[in-house]
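Let me begin by presenting the structure, written as structure tokens, before commenting on it.
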Amino acid sequence: MNKLFSLLLAVGMFFIISPPEAWAQQTRADVFQQVKSLEAEAKAQKGDVVSPKTFEDGVKHLEKAEKVYDKGGEISKIKSELAKAEEAFNECIETSRVADVMFEEALEARTDASSAGAATAAEDLWQDAEDDMQDAGKRLEKGKSEKAKRQAEKATEQYREAELEAICNNTYGDIQQTLEEGDDMKADKKAEKTYEDAENKVEEGLESLSNERYDNQKAQQLAEDAAYQANHAIALTNSINQIEEEKMSYEDILLKEEEDLQSIADVLGTELKFDNGREAALQQLKDEITLVQGEVTSLRGEIESMNAASADSEAAMRARIEETKAKLNQIFNMFDEDKVEVFEQKGKFILRMKGFNFDVGSAEIGTDNYELLTQVQEAVNIFPNEKIIVEGHTDATGGEELNQELSEKRAEAVKQYLQANMTNGGMNIEAKGYGESKPISSNETEEGRQDNRRIDIVIDTALGE
């Protein structure tokens, strides 16, 4: 009676909420959205597993509604089927909530089996478990709780068996195929010891998995060892078959082995001697390998030392670059641009003393230059370990030899002045004259000639090398 009332109420609500005019304006997706959402929710709650009959009824009513809609059938028929589908999915969801408690162990076992890939790796056991689980769900739908519990317990056992079989097949399935391949080519007879060792490792691994199926490192290692031995047995069998096909004598076999050993020795640049027997030749080969290993170890040590030194050198260089940049920024802020131009060129800092003047033809420093030279001294003191070069330059008036001599005398005069007034008297300062050979402006104008008559202080940081 209650179900009938709920159904009539649902149908009535469809008509109240969705009159024909509103219905006509809806898209197909709009019409079925609510019920399809319920279907998805019911499936997410495993309603298709724990309440299969009710879930199936919901799906049938939904599909029927879609068919009527697609054929342009009566709205009332569509709404009626949708109301029945909605009721079924809601009931399915409610049953799922009960099943979450009643079938907790079975559902957990089902999840574990599914995660292990039992649906494909243990297909028969998985399907048996699914059938038992659905039977439990049907009993629950009919209100037969005790029978539902017993059937769920049976499903739990089936799921756990399916999970274990899936884990075993996933871990050892490929190895079993390799062993079957070896059996077909009689590796169990021709490489009996190796083949048997592979089989024993598989057996031991499967037993280990039956005791601890989760995070079993021992079983994984045994699987790797078994795979190696199974492939090893096949490789040995292929070699034995070749010996039989070529009808090789014992001597042929031993000579072939000597040839193979010599091919290894060739890489080391040595010739093996077999006249004292196989063991002596093997020892000779081992000695050569040990020698090479020692050389390799030594080279690795040298490389590591070089890499460490290189890393230290790079770190020191980066630190020096950062320090030098900071010093450059410091001296940039020390001078008036009209008097001293500061710039960097290939790892060298240049102080171009625009405000420094000599009398015509003179190399004597006038008192009006003392203040500027004091500032230059302060800047140079920031670089106590760097090479300082005082460069003298002239314009193109006068003779070339005279200009060269004059530039040298002026550079030397500035050098002597700096050294005489420096707090650090041991600084490395050099004077060079370039005469008229390095103009920076045209000598055709007075302004250009004035630019060319200059003193440059070069601070060589060696970073440009």
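Can you confirm whether Gln419 is surrounded by 14 or more Cβ atoms within 10 Å (Cβ to Cβ) and either over 16 Å from Ile350 (Cα atoms) or hydrophobic (A, V, I, L, M, F, W, C) (or both)?
yes
Let me spell it out: the conditions are (1) more than 52 Å from the chain's Cα centre (by Cα); (2) under 23 Å from Glu141 (Cβ atoms); (3) of a type outside the set (Val, Ile, Thr), and Asp57 meets all of them except one. Which number is the exception?
Unmet for Asp57, out of (1) more than 52 Å from the chain's Cα centre (by Cα); (2) under 23 Å from Glu141 (Cβ atoms); (3) of a type outside the set (Val, Ile, Thr): (1).
Need at least 3 residues that are surrounded by fewer than 23 Cβ atoms within 10 Å (Cβ to Cβ) and free of Cβ contacts under 8 Å to residues at least 40 places away in the same chain per element, so show me which helices (runs of 4 or more DSSP H) inside region 48-123 make the cut, counting only ones lying wholly within it.
So the answer is 52-70, 75-102, 104-115.
How many residues does region 349-379 hold that are within 59 Å of the chain's Cα centre (by Cα) and closer than 20 Å to Ile440 by Cβ?
8
Quick check: is even one residue across region 288-308 free of Cβ contacts under 8 Å to residues at least 24 places away in the same chain, within 30 Å of Asp451 (Cβ to Cβ), surrounded by 10 or more Cβ atoms within 10 Å (Cβ to Cβ) and charged (D, E, K, R)?
no
Would you point out the residue of region 13-49, among those that are polar (S, T, N, Q) and at pLDDT below 85, that is farthest from Arg110 (Cα to Cα)?
Gln25
I'm told Leu164 meets every condition in (1) part of a helix (DSSP H, G or I); (2) more than 30 Å from Asp100 (Cβ to Cβ) except one. Can you identify the failing condition by its number?
Just one mismatch for Leu164, condition (2).
Could you list, in sequence order, all residues of region 258-272 that are charged (D, E, K, R) and assigned to a loop (DSSP other than H, G, I, E, B)?
Matches in region 258-272: Glu271 only.
Kindly list, by first and then second residue, each pair from a residue in region 341-354 that is in a strand (DSSP E or B) to a residue that is aromatic (Phe, Trp, Tyr) and crowded, with 17+ Cβ neighbours inside 10 Å, limited to pairs with Cβ atoms under 9 Å and residues at least 6 apart or on different chains.
Sorted first by the residue in region 341-354, then by its partner, the pairs are Glu341/Phe335; Val342/Phe335; Val342/Phe349; Phe343/Phe349; Phe349/Phe383; Leu351/Phe335.
Could you list, in sequence order, the residues of region 379-408 that are among the charged types (D, E, K, R) and surrounded by fewer than 13 Cβ atoms within 10 Å (Cβ to Cβ)?
Within region 379-408, Glu400, Glu401 meet the criteria.
Is it fair to say Glu257 is under 28 Å from Lys186 (Cα atoms) and either touching a Lys or Arg at 6+ places or on another chain (Cβ under 6 Å) or of a type in the set (D, E, K, R) (or both)?
For Glu257, the condition - under 28 Å from Lys186 (Cα atoms) and either touching a Lys or Arg at 6+ places or on another chain (Cβ under 6 Å) or of a type in the set (D, E, K, R) (or both) - is met.
Only one of (1) under 30 Å from Lys53 (Cβ atoms); (2) over 39 Å from the mean Cα position of the chain (by Cα) fails for Glu123. Which number is that?
That leaves (2) as the condition not met.
The values are calculated or read from the model by the stated rules, or taken from the named source; none is laboratory data. Keep in mind that this is a model prediction, so the values were computed, not measured. Note that we place each Cβ from the backbone using ideal geometry, even for glycine, and neighbour counts take in every protein chain shown.
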